[in-house]
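See below for the structure under consideration.
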Amino acid sequence: MAVSSSTIVAGLTAAALATVGYLAHQASTHLPAGMGRTQAGVTPAPGTSQAPPARKDPAALPEGSGQGARVVYSLRRDRVWLVGANGEVARTFEVDPSAVDPAPGRYAVTSRSNSVTGSDGVPVEHVVRFTSVDGVVVGFSSAVDETKAAPDPRVRTGGIRESRADGDAMWTFATIGRTVVVVR
């Protein structure tokens, strides 16, 4: 009698599951005390918590973002911090990322424009540029009409959009030469 391929697959699957189950059992019986399972009658040491670790504040300034007055831009959080010379956050806000991301690193504001038309055709103001990536200039700006349309993925733009109020704050803070730190 010929064995079908589905029978072979079923047999291999059963063998794999049995092996994984056996290995999981072996691992659980050889754990050091206190790892992976609770022990009856054992209380945690003072100052230790059994609660899950608290989540970090999403608006908290990223660690390792530098010293002194600077603009910090997080690629993962799509957030900007304006940090004063004393290290205190003067303002933080969310942004709409550009289609082209700058590499993490330290930059400086290289140019500014009060009012222009963005590379996506949207009138923008308070443009603060700090780098370019493969010929695409990257900087912060705010749409004059507060446009929040998603960027066309086929157009490589470098405009990191912020609200008009946040754009005003950026314009005042990020003068030529101001440090811009990009973090993941």
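Remark: spin-label model distance ALA103-ASP57 equals 3.3 nm, labels positioned 7 Å along the Cα→Cβ axis. Can you tell me the length gained on complete extension of the stretch ASN86 to ASP134, counting 0.36 nm per residue apart and subtracting the Cα distance? Stretched out fully, the ASN86 to ASP134 stretch lengthens by 13.8 nm. Assuming a ≥ b ≥ c are the square roots of the Cα gyration tensor eigenvalues, decide whether the range 95-173 counts as rounded (a/c under 1.5), prolate (otherwise, with a/b larger than b/c) or oblate. Oblate is the answer for the range 95-173, as a/c is 1.5 or above yet b/c matches or exceeds a/b. Here the simple spin-label model places points 7 Å from the Cα toward Cβ, and for THR172 and THR110 these points are separated by 2.8 nm. Protein heavy-atom accessible surface, 1.4 Å probe, per residue over the range 73-167: 51 Å².
The values are calculated or read from the model by the stated rules, or taken from the named source; none is laboratory data. Everything quoted here is computed from the prediction, not taken from an experiment. Every residue, glycine as well, gets a Cβ built from its backbone with ideal geometry; the counts of neighbours run over all protein chains shown. Note: accessible area is taken over every heavy atom of the protein model, side chains too, but ligands, DNA and RNA are not part of it. Shrake-Rupley method; radii C 1.70, N 1.55, O 1.52, S 1.80 Å.
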